[in-house]
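Worksheet: the structure to be examined is printed underneath.
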Amino acid sequence: MIVLSFIVFLSLFVGVGLYSVRKSRKSNQDYLLASRSVKAWMVALSAVSTNNSGYMFIGQIGFTYSFGVSSIWIMVGWLVGDFIMSLIVHKKIHETSDSRDIYSFGGLISNWWGKDYQLVRRIVGLLTVVFLGIYAAAQLKAGGKALTVLFDWETSTGIYLGAAMVVAYCFAGGIRASIWTDVVQSFVMLGSMALLFFYALSSLGGWSGFWQGIQSVSTEFGSFTPQTPFSQPMLGTLFFVMGWFFAGAGIIGQPHIMIRILTMDHAKNMGSFRQFYYLWFAAFYLLAIGVGLSARLLIPAENTFDPELALPTLSQALLPDVFVGVMLAGIFAATMSTADSQILSCSAALTRDFFKKKSDNYWITKLVTLSITVVSMFIALYAGSNVFYLVLYAWGTLASGFGPILFLYCFSVRLDQKQLIAMMAAGMSTSIAWKFLGYSSIIFETAPGMAAGFLSFALLRMLWPSRA
């Protein structure tokens, strides 16, 4: 019954994506931006699904399983940073992309003021391909991990299947296929997570048993104070939350999510977008933390157990077979639709930012998509990092390089080509160095990365006034 349920629901998700071909206009604008015709509530649910698939299902639950109650501060910092940026940036990037007929994230960075910096466009395109390719690989790896529990497959088998699904989505309807499947999956994701948490609470004897169980694991696991290198708990918590605030704010530097904003039918519907997005996001995040905590109580922590398999393992232990299949189909399909949106952003970067004059062609864009999928698949097969940290590495680097620039643009700051390149270099190199040196335990690398981007702007503005 598990296998049958998995196949039925996975087929449903794939079918929704393939059905979107009926709406296809066979143009690059439609393939990459769905002709800017998507309803606000659909964009919102798609953004939540894209933002939180492999990261939330596999990474966040695994992190909560390992570190306990304090993981709630990740949610607090992330949502606050995300919300503040949505008030400042989202509407303006939609209006700018629409007025200048911009299809790619590189176009936003390089052509915000109508003066298209070709070198900047190519640099942004290259960085998008590299880091979103890593990000997409993390989604393929997450899907592969989930299927090891159901079928006892090698992770590589799930990666191959996921790559095939990505190609099917992308060749069917481009970004529209991704958004449509995201919407269906978002309902399944929230419903199945809520159902699993309900079963877990029942097994633990209700809320009192749940909380008592948490406290019995260890003092650190049941504490709201995160584990940090600081001797002062309040200072450690402040830095922890601040780091995740910048991680949430870094959403504006994520091409695959910001592109979804550009697909919305009207910028005036941004208020409706926020209502759906944050209600869904907060509910899903809380349930994920609850499931992660429950998993630690119901599945013993052993040296051989991979915390990132906590969700599928708990599902098999508690849910009726039909719901296990639904849960795992939702996990797998959600990670794949996230991967395809990232790969589509890479396709836009290559075809719109690198070789526009030679490859502004619908079918060439599809072939580029296929090539990027193959590369991401190989990264997923051979990358050693776990999903949580692989995602955060890509997220932090993109946020640090692109976030400060879009933030300044929204306050009518003009930047010339040299300033743009310097800000990207300062932000990304700081983020990467911070993680490489092991300082991420002090504060998440997006915070110093974005700070370095803003600092480089301030110094350059004093020493070298913009001529933009």
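The values are calculated or read from the model by the stated rules, or taken from the named source; none is laboratory data. Please read these numbers as outputs of a predicted model, since none were measured by experiment. Methodologically, a virtual Cβ is constructed for each residue, glycine included, from the backbone with ideal geometry; neighbour enumeration extends over all protein chains shown. In case anyone asks, the SASA skips ligands and DNA or RNA and just uses the protein heavy atoms, side chains included. Shrake-Rupley method; radii C 1.70, N 1.55, O 1.52, S 1.80 Å.
Between the exposed loop cleavage positions of the chain, defined as GluC sites (Glu not before Pro) in a non-H, G, I, E, B DSSP state with at most 14 neighbouring beta-carbon atoms within 10 angstrom, the longest gap is 303-468. Think of a 1.4 Å ball rolled over the protein heavy atoms: the chain then has 37 Å² of accessible area per residue. In the chain, a dipole from Cβ-located charges (positive for Lys and Arg, negative for Asp and Glu) runs towards its positive end, and of ILE2, TYR409, PHE83 it is TYR409 whose Cα lies farthest in that direction. Counting only Cβ charges, +1 for Lys and Arg and -1 for Asp and Glu, the dipole size of the chain around its Cα centre is about 1760 debye. Between LYS23 and PHE354, the modelled labels are 2.9 nm apart [label points 7 Å from Cα along Cα→Cβ]. With a ≥ b ≥ c the root eigenvalues of the C-alpha gyration tensor of segment 1-67, is it rounded (a/c under 1.5), prolate (a/b larger than b/c) or oblate? Note, shape of segment 1-67 comes out oblate. Within the shell of other residues whose beta carbon sits under 14 angstrom from the beta carbon of ILE372, the net charge comes to 0, with Lys and Arg scored +1 and Asp and Glu -1. Across q = 0.21, 0.22 Å⁻¹, segment 254-359 modelled as identical point scatterers on its alpha-carbon atoms has Debye log10 I(q)/I(0) values of -1.17, -1.21, in the order of the q list.
The distance between label points at SER223 and TRP113 comes to 5.0 nm (points 7 Å beyond Cα on the Cα→Cβ vector).
Each of ILE58, SER24, GLN232 was scored by the projection of its Cα onto the charge dipole of the chain, and the greatest displacement toward the positive side belongs to SER24; charges sit on the C-beta of Lys, Arg, Asp and Glu. Backbone N atoms of segment 436-463 closer than 16 Å to the 7 Å Cα→Cβ label point of ILE88 belong to residues 446-458. Taken about its Cα centre, segment 140-276 carries a charge dipole of about 360 debye when Lys and Arg each add +1 at the Cβ and Asp and Glu each add -1 at the Cβ.
Between GLN316 and SER412, the modelled labels are 6.0 nm apart [label points 7 Å from Cα along Cα→Cβ].
Estimated from the Cβ-Cβ distance and a Förster radius of 22 angstrom, the FRET efficiency linking ASP265 and PHE187 is about 0.55. Adding -39500 (n - 2.57) for every DSSP H run of four residues or longer, then dividing by how many residues the chain holds, sets the calculated 222 nm ellipticity at -24500 deg cm²/dmol. Classify segment 59-145 as rounded, prolate or oblate from the Cα gyration tensor: take a ≥ b ≥ c as the square roots of its eigenvalues, call it rounded if a/c is under 1.5, otherwise prolate when a/b beats b/c and oblate if not. The shape class here is oblate. For the pair ALA283 and SER371, the difference between a 0.36 nm per residue extended length and the Cα-Cα distance amounts to 28.0 nm. For the chain, with all protein chains in place and a probe radius of 1.4 Å, 66% of the accessible heavy-atom surface sits on carbon or sulfur.
Charge dipole (Cα centre; +1 on Lys/Arg Cβ, -1 on Asp/Glu Cβ; no other charges) of segment 1-134 amounts to roughly 420 debye.
Using DSSP loop states and a limit of at most 12 other Cβ atoms within 10 Å to flag chymotrypsin sites (Phe, Trp or Tyr not before Pro), what is the longest stretch of the chain containing no flagged site? The reported range is 1-223.
Across the chain, Cα pairs under 8 Å and at least six residues apart give a relative contact order of 33 percent. A Förster distance of 22 Å, applied to the separation of the beta-carbon atoms of VAL80 and ALA194, puts the FRET efficiency at 0.40.
Projecting the Cα positions of SER186, VAL167, LEU140 onto the charge dipole of the chain (unit charges on Cβ atoms of Lys, Arg, Asp and Glu, taken about the Cα centre) puts VAL167 furthest along the positive direction. Other residues within the sphere of radius under 14 Å centred on the Cβ of PHE83, judged by their own Cβ, net out at +1 (K and R +1, D and E -1).
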